2 protein chains.
Amino acid sequence: MKQCNARSFAFLILLSLPALVFVPRLCAQQTGPLALMPMPAHMTMATGQFAIDGSLKIDLQGFKDERLESGRQRFLEILFKETGIPYAAATQPGRANFIIKTAAASDAVQQLGEKESYHLEVSAAGVLLTAPNPLGALHGLQTFLQLVRLTPQGFSVPAVTIDDEPRFAWRGLMIDSSRHFIPVSVITRNLDGMEAVKLNVFHWHLSDDQGFRVESKQLPLLQEKGSNGLYYTQKQIGEVIRYARLRGIRVVPEFDMPCHTTSWLAGYPQLASGAGAYAVAERWGVMDAAMDPTRETTYQFLDRFIGEMTTLFPDAYFHIGGDECDGKEWDANTRIKEFMRAHGLKDNAALQSYFTARVQKLVAAHHKIMEGWDEVLQPETPRDVVIQSWRGQASLAVAARQGNRGLLSTGYYIDLNQPAAEHYLVDPLGGEGASLTAEEKARVLGGEATMWGEFVTGENIDKCIWPRTAAIAERLWSPQEVRDVDSMYARLAIVSPRFQNYGLELEASTRVMLERMSGGEVPEPLEVLAGAMQPPLGYSRGGMREYRTSTPLNRLVDAIPPESETARKFNDLVKRITDGKASAEQWQRARELLVLWRDNDAKLHPLLEASDLTAELVPVSQSLSQAAAIGLRALDDLENHRMTDKDAAQKNLQWLEAAAKPQAVLLDMVAPAVQLLVQAAGAQQ
Amino acid sequence: MKQCNARSFAFLILLSLPALVFVPRLCAQQTGPLALMPMPAHMTMATGQFAIDGSLKIDLQGFKDERLESGRQRFLEILFKETGIPYAAATQPGRANFIIKTAAASDAVQQLGEKESYHLEVSAAGVLLTAPNPLGALHGLQTFLQLVRLTPQGFSVPAVTIDDEPRFAWRGLMIDSSRHFIPVSVITRNLDGMEAVKLNVFHWHLSDDQGFRVESKQLPLLQEKGSNGLYYTQKQIGEVIRYARLRGIRVVPEFDMPCHTTSWLAGYPQLASGAGAYAVAERWGVMDAAMDPTRETTYQFLDRFIGEMTTLFPDAYFHIGGDECDGKEWDANTRIKEFMRAHGLKDNAALQSYFTARVQKLVAAHHKIMEGWDEVLQPETPRDVVIQSWRGQASLAVAARQGNRGLLSTGYYIDLNQPAAEHYLVDPLGGEGASLTAEEKARVLGGEATMWGEFVTGENIDKCIWPRTAAIAERLWSPQEVRDVDSMYARLAIVSPRFQNYGLELEASTRVMLERMSGGEVPEPLEVLAGAMQPPLGYSRGGMREYRTSTPLNRLVDAIPPESETARKFNDLVKRITDGKASAEQWQRARELLVLWRDNDAKLHPLLEASDLTAELVPVSQSLSQAAAIGLRALDDLENHRMTDKDAAQKNLQWLEAAAKPQAVLLDMVAPAVQLLVQAAGAQQ
């Protein structure tokens, strides 16, 4: 039997020509590493396989509830999508060959730290899935679905025994529904994606300067004046919470305060520190608007609001944000300055602490535990308050040493267009966290990927979240030592297309958006260009054009995924070549890609000017071709050990330096790799 | 300005290489024929265009209702999908530039023959849409959406004045939810597709031998014993009816009786003519099971049932099926034979007439008008009964002469895998219908596409229905003289990808299913093979393998659309070549396709055996390559006016004859075209 371990598999992918990608895939699925993500805590392979056919018959034994029943139903629906075997036919008469045993009920409201373990035994004869509660069983079912593979004998799951449980209890995804409203159907399909990779907290960022997105019946001007009419009704919120619970996911709402609150103030300017008038923000960035922490009426309002929202959201935790106060409105208000003097509040941070302490008491009075971003942490902060860190592991370590629990989001900001590998290698207990005592480490609850919403809509958010968040999910679930980047990418390549079985639109969204830009069928050269591009990194995009909340996000930068597979593989090829480790096939593959890019502009150019949405790509396409032409010459020089003209090389490097900078809000991922080739060619004398 | 009329546009598509498809598309959208389907009754083009940007502001004037408001909302959502311009931003302050004026309310329950006309005026300055009622306005909005196109200056709609109304009042799509259960979400997205092309009747085939799919509260064993647990609750039915009404679509339920009733008899064997026992059918074909028309208890049961269902479905029409009684159970039952003798019923047709007349009285007593297939028509049938014809225009003419109204489904059986052109050219008033008097012609209400469910599931039904049903919709809406097949295909090519804006899965479903067959990314050679294949025609598929209701529909035949665009274009090329009318580019294009196919098997073969779902394609792939090789030699002979070896040609023709027969339940669409080439080459001496 052909052997493919993780390393050789990644290698095969690397050198494969497009038409041959098929072979390593099937190979990986049949005899290579199992494409599990997150990797289980313990796993033992055996021989044989369990056939997936019409004879599948599941029996729920032990404790049963609606969640388990719906989990089985969902399992069969996904299994249908994986195999095409109709699930109604999967309840044939006869003895069950797939037994699910759960010992007891899950908690009525899912709790932080509730058991999530499961034991899965697959043999040729049958499947046994046991768990202390339905929550663990749900995780086991998702593991099983990832094990399904296609073989010459049909669909099957290899014989294996898995004992699994998470490393961290808080494994979250935050979605910002404020900056752009995200429709309920997009939220729910992302909950399905979360279940697939065992994430268990949906952190819902529901208010910010640009929109207040929840219906308040007590304070209806919040949504009426604080949104463009796009908000979630309480009925919809209830449905999302129920949908999440069925999938083993808690829903933690965030209402950011006292800053990031312009949208609140549109309806209730009496809460403000400034004179107003306030209207929902239409631009991005940190705003000055802030609640007035000095008025008792502010707390009366918040008491009413928190009372209503803590009834709506059953989770034990309630997130009050608390980040990024610029203090300008406080500075400008003499009454507030007077209050600060009278109460010995020496600066704005102290004023915010006063506010946070008051709000924390309101949250506690409504029987919830407060959560907030780094800024809410003060020496006197009650010990049960949970800190979510956007500042980093050091900030989290401060909280843990002080006795507060916390979770990491630094490094998991999936809106910043970093590659999966960078997120993957960030550990909640890395950096300063590694120096904590065992007791302090136990206070680090986990982490959360954060999908901030400036540049995503319901149309393109899925591919910004997935598949990269699957790598973060593995970081939070799997043992700390699971951190091989090649293995991660190899498994991600198999897991990623499976997200469409959960209704998520990854490649599909790119295709639809490219079709729109093309006014019809997508010409291949546009696909080639798109594959060589990535969105700009970090926060740079906001400075490149004037963006408002109403700006259409329908350009190439909005259509492409944050990480280009083609560019990543080309970069790997170039590194092998410049390291002198490339095989003949790899040289050949690099050459083919460069030729493809070099010749692309001649085909693409005539098409681009026909559409308002592609005309701006003319220089981008030219630049890609030119970079590829330079790369080809450097490759030739390297291959033939030929001296490079120093002046020409210098000029090329300068040109490439410029070409590697964003154009039309796009990052050319080929130019930097070509720089390496030119440098290597120049260095060989 | 570049001119592209319908003919030259079709021609451009024909000769375009894949990479250049972009150009004619954009051309067509900018200056060519408008890609409207169905074509309006009257249209006058003007100069200028109305820009689609963030400034769009719609004002509803005159009569307003929920349907109009939801139509506006939906319009903006589709417009967002077409352009990426966020619809919330489309309600800018300022004067409206898109005015919708409706004179009066639509009927509370949509009526057959209710006005559907609209007047649409687009100029650079604004849009005026007027209609007698919301129903007409909904149609006008869909026309506008089809006019949106991408230009170098952005999205816009050309200046045009349209006065439009349908030719036929009954324009339907039937979906069979019995043979395979079709999930509600699939039904609703097809209702969206129907709205897009102005179809106005959803005929829902809800019971048959293989499944009873509606919850009955009065007679719950119908769904409990008559389905595999997959049926629509009454709440869901209500939601679908409401969803349809908002889109200007009536919902006509069909409960087929007295035959096609095995699923009823599973729960209520006392209705049967035979001794039973009855279980839901698992195979396709005409079954013997029949209700007993001789017992009063049968009519008491049906009275209760019809009472419940006519309350659930508000439409004025109620379809009782009535087709395909084989009479075997009646023949075998001495009590029934005795009854027939006693009542002077000379044969089984007479017995069915007796049954139908009794049922018609029940339907009328519940204030509904009965509809049935051809078989229900008898000389004494009440004049208000509507006949749906699966037998043809002659059968329909008999009904019309007798004074009954009818609609045509013969020729619109979209389950039979015929090309769009064949359906398109069938006219409800063609054939025998052409000889009717004006008064009789008025009794021909329209037609219905019928999507029978033996070989479709929710996963692949969309691409079986669309885009071909759009051509049928045009036949039923547009003036009779609109029947240019080239123009239809040219417009269909633009309309077809737009169905994805309505949530329909056409190419997407093919891709997902090919991915499943491949165990990952789809290798290009598999796409090439798939593009040359079609499902077998007519009813032949059922005889090729043993199919049951539980048979997975996950093979290549299930993944591909019923009509291959590539094959159609190749066939057109071959016809031009053999007619001596091909341009140099067309010769070249034909050669390229043949080379692609000839060389395909060498790449594909090694991949096919890795998967249980593709292994059967080995001989299919070989055969395609061999046919292409023969085709290339014939092309050479033709191009060089070279004599062909007669024996070789004869052998090749024989071989091609066999290759044109289904293999692995697939029809090779290249072999018949190659036969033409070989014949032409042989005929040139």
Summing +1 for each Lys or Arg and -1 for each Asp or Glu, what net charge is found among the other residues whose Cβ lies under 12 Å from the Cβ of B:Glu563?
-> +2
Return an integer: the convex hull volume of the alpha-carbon atoms of region A:181-323, in Å³ per residue.
-> 109 Å³
Calculate the length of the line joining the C-alpha centroid of region B:232-257 to that of region A:578-611, in whole Å.
-> 54 Å
Just going by the charge dipole of region A:277-436, with Lys and Arg at +1 and Asp and Glu at -1 on Cβ, which of A:Leu302, A:Gly327, A:Ala290 is farthest out on the positive end?
-> A:Leu302
Reduced to Cα centres, the span from region A:344-395 to region A:625-658 in Å works out to 55 Å
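Just in region A:220-320: which GluC sites (Glu not before Pro) are loop by DSSP and have at most 16 other Cβ atoms within 10 Å?
A:Glu282
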Along the principal axes of its C-alpha atoms, what lengths does region A:388-457 span, in descending order and rounded to whole Å?
-> 41, 21, 15
Whole-Hz couplings from phi, Karplus 6.51/-1.76/1.60, listed for region A:115-131; x for Gly and Pro | 4, 10, 6, 7, 10, 10, 10, 10, 10, 4, 7, x, 10, 10, 10, 10, 7
Between chains A and B, the summed loss of accessible surface on complex formation, probed at 1.4 Å and reported to the nearest 100 square angstrom, is 4000 Å²
Axis-proximal residue, chain A, for the rotation superposing A on B (Cβ, Å) | A:Ala508, 3
Of the listed links A:Lys569/A:Lys646; A:Lys463/A:Lys603; B:Lys569/B:Lys651; A:Lys198/B:Lys225; A:Lys217/A:Lys463; A:Lys661/B:Lys57, those spanning more than 32 angstrom between alpha carbons are A:Lys198/B:Lys225; A:Lys217/A:Lys463; A:Lys661/B:Lys57
20 °C / 1.002 mPa s Stokes-Einstein diffusion coefficient of the protein assembly as shown, Kirkwood radius on C-alpha pairs, µm²/s | 63 µm²/s
Among the helices of chain A (complete DSSP H runs), which have Cα atoms covering no less than 15 Å along the helix axis and a Kyte-Doolittle mean of at least 0.5?
-> A:134-147, A:670-682
Shielding of B:266-276 by partners, i.e. mean partner chain Cβ atoms within 10 Å per residue?
-> 0
Sorted by chain and number, the residues with a modelled amide H under 5 Å from that of A:Asn404, at a separation of 5 or more or across chains, are none
Let a ≥ b ≥ c be the square roots of the eigenvalues of the Cα gyration tensor of region B:250-395; is it rounded (a/c under 1.5), or, if not, prolate (a/b larger than b/c) or oblate?
-> rounded
With Cβ to Cβ distances under 12 Å as the rule, what net charge do the other residues near A:Gly226 carry (K, R +1; D, E -1)?
-> -2
Among A:Leu573, A:Ala559, A:Met544, the residue whose Cα sits farthest towards the positive end of the charge dipole of region A:524-622, when +1 is placed on the Cβ of each Lys and Arg and -1 on the Cβ of each Asp and Glu, is A:Leu573
Among A:Lys463, B:Lys346, A:Lys57, A:Lys575, what's the order by accessible area (1.4 angstrom probe), most exposed first?
-> B:Lys346, A:Lys575, A:Lys57, A:Lys463
Ranked packing of A:510-523, A:63-76, A:429-442, most packed first, by mean Cβ within 10 Å = A:510-523, A:63-76, A:429-442
Along its principal axes, what span do the Cα atoms of region B:138-247 show, with the longest given first and each in whole Å?
-> 60, 31, 22
With the charge dipole of chain B built from beta-carbon charges (+1 for Lys and Arg, -1 for Asp and Glu) about the Cα centre, the Cα from B:Leu653, B:His180, B:Pro269 projecting farthest to the positive end belongs to B:His180
Non-local amide H neighbours of B:Ala124 (under 5 Å, H modeled in plane, Pro and chain starts lacking H): which ones?
-> B:Gln49
Note the distances from A:Asp599 to each other copy's matching label point, with points 7 Å along the Cα-to-beta-carbon direction, in nm, sorted shortest first.
-> 1.1
For A:Glu324, inter-copy label-point distances (7 Å, Cα→Cβ), nm, shortest first, read 6.3
Provide the descending list of Cα extents for region B:262-333 along its principal axes, expressed in whole angstroms.
-> 37, 28, 20
Roughly what % of Cα-Cα distances in region A:503-554 sit above 14 Å, to the whole percent?
-> 66 percent
Label distances, nm, B:Gln588 versus same residue in remaining copies, Cβ-directed 7 Å point | 2.9
State the Cα centre-to-centre distance between region B:260-303 and region A:524-551 in whole Å.
-> 63 Å
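Counting only heavy atoms of protein chains, what accessible area per residue, in Å², does region A:301-341 have with a probe of 1.4 Å?
Per residue, region A:301-341 has an accessible area of 39 Å².
Per residue of A:510-521, count partner chain C-beta atoms within 10 Å of its C-beta, then hand back the mean as an integer.
Details: counts 0, 4, 6, 2, 0, 4, 8, 2, 5, 12, 15, 10.
Mean shielding by partner chains, rounded to a whole number: 6.
Tell me whether chain B comes out rounded, prolate or oblate; compute the Cα gyration tensor, take square roots of the eigenvalues as a ≥ b ≥ c, and use a/c under 1.5 as the rounded threshold.
Oblate, since a/c reaches 1.5 and b/c is not below a/b.
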In sequence order, calculated HN-Hα J values of region A:404-410 (Karplus, 6.51, -1.76, 1.60; Hz; x Gly/Pro) | 8, 7, x, 9, 9, 10, 3
Peptide-level mean, for B:522-529, of C-beta atoms on other protein chains within 10 Å | 2
If you put +1 on each Lys and Arg Cβ and -1 on each Asp and Glu Cβ, how big is the dipole of region B:284-323 around its Cα centre, in Debye rounded to 20?
-> 60 debye
Order of B:332-342, A:590-600, B:534-544 by packing, highest average Cβ count within 10 Å first?
-> A:590-600, B:534-544, B:332-342
How much net charge surrounds A:Arg401 when only the other residues with a Cβ under 13 Å from the Cβ of A:Arg401 are counted, with Lys and Arg +1 and Asp and Glu -1?
-> +1
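The values are calculated or read from the model by the stated rules, or taken from the named source; none is laboratory data. These numbers were taken from a predicted model, which means no experiment stands behind them. Glycine also receives a Cβ, built like all others from the backbone with ideal geometry; neighbour counts cover every protein chain displayed. All accessible areas refer to the heavy atoms of the entire protein, side chains included, with ligands and DNA or RNA removed. Shrake-Rupley method; radii C 1.70, N 1.55, O 1.52, S 1.80 Å.
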